[in-house]
Amino acid sequence: MSTKQTHKTEPFSSSELGALAHLYRGELYRSKIWRTRLDTTTNWAVATTGIALSVTFSNAQNSPLPLILIGLLVTVFLLIEARRYRYFDIWRTRVRLLEVCFYGPLLRGEGVRLDKNWNQILCDDYKQLHFHISFLEALGRRLRRNYHWIFIVLGVSYLAKISIHPARLSTFNEFLTRAAIGPIPGEFVIVIGVLCYAALLLLAMITRRKQHASGRVVRPTYKDDPMLKLGFEI
């Protein structure tokens with residue numbers, strides 16, 4: 001009877017607790033590495049957008065075509081980043097599980113608790129590695145967090161370019177003429193552009209409704225933040 005009671009209150013030995021602490025550090029490190037890879041892809045998108053803007057607006061006679069090409073390249077970066085985000089979410093989910101279910105009770109003075117079966121969940125996750133969110137949700141999250149600003153800049157810059165260069169527009173037909181790309185008529189280019197941006201907006205809205213990613217930051221009511229009550233500045 002005493003053995004069972006000891007097993008309930010102290011499910012892990014001191015050496016096992018040390019191993020769990022090292023496990024947490026390892027998962028935190030992997031999460032940090034993949035977080036850095038996400039930032040790298042975003043930096044590529046921002047840098048190429050800046051280059052396209054410089055080339056397009058450096059001369060009034062330059063074509064707005066680089067903005068369209070960079071828009072396609074930024075879409076590729078978004079797809080790559082969505083894939084990376086799914087891997088990042090694996091390590092981030094494990095870190096959050098350890099923080100909430102292992103370190104949380106310790107900080108509350110309750111000791112190590114297994115009532116939520118978190119240890120078995122973590123064990124199963126190690127036995128069968130799998131993604132915790134879909135590619136579509138990852139795509140929508142990265143679009144809402146970073147890439148929507150890049151696409152907005154590209155779209156506004158494209159419209160501004162064909163509106164002011166080589167001279168200010170006087171008629172709508174002239175606008176369509178400038179939007180043409182070689183043999184492709186301007187009407188077709190504008191319609192495709194509108195459809196693409198509508199698809200991006202739809203993706204952002206659909207994936208916002210059902211989110212399964214762990215560790216999402218919840219917007220707090222700052223005046224009720226307990227950290228502020230303790231005198232910390234956040």
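Rule-based calculations on the coordinates, nothing more; no lab input. Here the structure is a predicted model, which means the values were calculated and not measured. Neighbour counts run over all protein chains shown; Cβ positions are idealised from the backbone, glycine included.
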Virtual spin-label span in nm between residue 118 and residue 65, 7 Å along Cα→Cβ
5.7 nm
Entry for log10 I(q)/I(0) by the Debye sum over Cα atoms at q = 0.09, 0.12, 0.13 Å⁻¹ (calculated from the structure that is shown) out of (i) -0.58, -0.84, -0.92; (ii) -0.41, -0.71, -0.82; (iii) -0.33, -0.60, -0.72:
(i)
Name the trypsin sites (Lys or Arg not before Pro) in the stretch 90-198 that are in a loop by DSSP and that have at most 13 other C-beta atoms within 10 Å, would you?
108, 116, 168
Computed on Cα atoms only, the convex hull of the stretch 118-190 has an orientation-averaged projected area in nm² of 8.1 nm²
Just to confirm the number: angle between the C-alpha axis of helix 148-164 and the first principal axis of the chain, 0 to 90 degrees, nearest 10?
10 degrees
GNM of the chain, Cα pairs under 10 angstrom: of 184, 70, 206, the biggest fluctuation goes to 184
Longest segment of the chain with no chymotrypsin sites (Phe, Trp or Tyr not before Pro) in a DSSP loop having at most 16 other Cβ atoms within 10 Å?
13-130
Where in the chain lies the longest segment free of GluC sites (Glu not before Pro) that are both loop residues by DSSP (not H, G, I, E, B) and have at most 16 other Cβ atoms within 10 Å?
111-232
When the charge dipole of the chain is computed with +1 at the Cβ of Lys and Arg and -1 at the Cβ of Asp and Glu, the Cα pointing farthest to the positive end, of 45, 147, 98, is that of 98
Could you go through the stretch 106-121 in sequence order and give the Karplus-derived ³J(HN,Hα) for each residue, using 6.51 cos²θ - 1.76 cosθ + 1.60 with θ = phi - 60°, rounded to whole Hz, and x for Gly and Pro?
4, 5, 7, x, 9, x, 7, 10, 10, 5, 8, 6, 5, 5, 6, 4
Once Lys and Arg are counted +1 and Asp and Glu -1 for all other residues with Cβ under 15 Å from that of residue 44, the total becomes +2
Roughly speaking, what is the stretch gain from residue 127 to residue 12, that is 0.36 nm per residue apart minus the C-alpha to C-alpha distance, in nm to one decimal?
39.4 nm
Which whole-number percent is the relative contact order of the stretch 10-116 (Cα, under 8 Å, 6+ apart)?
38 percent
Quote the charge dipole size of the stretch 2-213 about the Cα centre in Debye, to the nearest 20; the model charges only the Cβ of Lys and Arg (+1) and of Asp and Glu (-1).
300 debye
